[in-house]
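*Asks:* Sharing a structure with you now.
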Amino acid sequence: MIALITNDDGIDSPGLAALAAMAVHSGLSVVVAAPAEESSGTSAGLTAAKDDRRIAVARKEIPGLPDVPAYAVAGHPGLIALVAAQGAFGVTPDLVLSGINRGANVGRAVLHSGTVGATLTAAVNDLNGLAVSLDVGLNGTAEPRWDAAAEIVEHAIGVLRNSPSGTVLNVNVPNVAPEKMPPLRHARLARYGTVQSRVERLDDNSLEVVAVNVDDAKPEPDTDAALLARGHPTITALRSVSEDTGVALPGSAL
């Protein structure tokens, strides 16, 4: 199976290199394509960096993986997943693996994550996707243990190998040594993530979006936010864009 490795932290992120190495170790054929610059919070946006809408692509080398083709792309991860599904990087992948993100992606706030957005875009194009995030904490001062995700990523890839096209899994991993890792837990999405956005109006009639810590919130016990806060790695199956058959709509044609 062929895996596209991408992220929203950018091509030079050590988490990206760690995920690519894990995919190679799992027996996948790997190609890396990631934003040339940090693209967090871009969801499934299709923005390219050039005014004429051309997408600049440059060859790169991932540390420790000299034989893996890698590209720095002037665009968001959602765009990268979209063009990859059409063979833009020489092959059409079976899987899109996104991460390892520096920071958790939990709750309904995953809608805004570029890490998750790449996998949801993959699903729309009938590819399977895995988003992986490492919970390094909001202050980001802890040394990231990228190796903590290895066994969990390998397990999730095994699940995706046997899943229908369009399956998306969102994984969050505590930042602990692998030998101290608690069991993986299935989790539902919390109502909120670890942060919420607050909009403030400035004196010059502009707006500023401020991230607010919601550590004092109490998510339900079986949600990803609650389980991760207790130190458990979590896995959640996400559904990409599809019609909602549970809503009663008027019977007459519009």
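*Asks:* I'm trying to understand the selection: among the residues of segment 232-253, which are closer than 24 Å to Gly129 by Cα and part of a loop (DSSP other than H, G, I, E, B)?
*Replies:* Listed by number, the residues that qualify are His232, Pro233, Arg239, Ser240, Val241, Ser242, Glu243, Asp244, Thr245.
*Asks:* Looking only at segment 106-146, which residues are touching a Phe, Trp or Tyr at 6+ places or on another chain (Cβ under 8 Å), closer than 29 Å to Glu243 by Cα and not in a loop (DSSP other than H, G, I, E, B)?
*Replies:* Arg108, Ala109
*Asks:* Look through segment 98-122, keep the residues that are surrounded by fewer than 24 Cβ atoms within 10 Å (Cβ to Cβ) and among the hydrophobic types (A, V, I, L, M, F, W, C), and return whichever of them is modelled with the lowest pLDDT.
*Replies:* Ala109
*Asks:* In addition: Only one residue in Val30, Val68 is crowded, with 17+ Cβ neighbours inside 10 Å, over 23 Å from Ala123 (Cα atoms) and of a type outside the set (Asp, Glu). Which one?
*Replies:* From the options Val30, Val68, the qualifying one is Val68.
*Asks:* Shifting gears a bit: Select from segment 9-67 the residues that are of a type in the set (Lys, Arg) and either in contact with a helix residue (DSSP H, G or I) (Cβ under 9 Å, 6 or more places away or on another chain) or part of a strand (DSSP E or B) (or both) and list them in ascending order.
*Replies:* Hits for segment 9-67 are Arg59, Lys60.
*Asks:* Just one of Ser165, Ser197 is at pLDDT 85 or above and exposed (fewer than 14 other Cβ atoms within 10 Å of the Cβ); which is it?
*Replies:* It is Ser165.
Residues checked against (1) in contact with a Gly (Cβ under 7 Å, 6 or more places away or on another chain); (2) within 24 Å of Ala237 (Cβ to Cβ); (3) aromatic (Phe, Trp, Tyr); (4) at pLDDT below 95:
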residue	(1), (2), (3), (4)
Ile80	no, yes, no, no
Asn125	no, yes, no, no
Gly137	no, no, no, yes
Trp146	yes, yes, yes, no
Glu151	no, yes, no, yes
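*Asks:* Go through segment 74-105 and count every residue that is in contact (Cβ under 8 Å) with a residue 60 or more places away in the chain, among the aliphatic types (A, V, I, L, M) and touching a Phe, Trp or Tyr at 6+ places or on another chain (Cβ under 9 Å).
*Replies:* Qualifying residue count, segment 74-105: 2.
*Asks:* Now a separate question. With respect to the numbered conditions (1) surrounded by 10 or more Cβ atoms within 10 Å (Cβ to Cβ); (2) modelled with pLDDT under 90; (3) in a loop (DSSP other than H, G, I, E, B), which one is the sole condition not fulfilled by Ala190?
*Replies:* (2)
*Asks:* For segment 212-236: of the residues being surrounded by 13 or more Cβ atoms within 10 Å (Cβ to Cβ) and among the aliphatic types (A, V, I, L, M), which is modelled with the lowest pLDDT?
*Replies:* Val214
*Asks:* Regarding Pro144, is this residue in contact with a Pro (Cβ under 8 Å, 6 or more places away or on another chain), farther than 23 Å from Ala58 by Cβ and not aliphatic (A, V, I, L, M)?
*Replies:* yes
*Asks:* Could you list all residues from segment 70-92 that are in contact with a strand residue (DSSP E or B) (Cβ under 8 Å, 6 or more places away or on another chain) and among the polar types (S, T, N, Q)?
*Replies:* The one that is in contact with a strand residue (DSSP E or B) (Cβ under 8 Å, 6 or more places away or on another chain) and among the polar types (S, T, N, Q): Thr92.
*Asks:* Further, regarding this structure: What is the residue count in segment 1-36 for residues that are modelled with pLDDT under 95 and charged (D, E, K, R)?
*Replies:* 2
The values are calculated or read from the model by the stated rules, or taken from the named source; none is laboratory data. Computed from a predicted structure; not experimentally measured. Backbone-built Cβ (ideal geometry, glycine too); neighbour counts: all protein chains shown.
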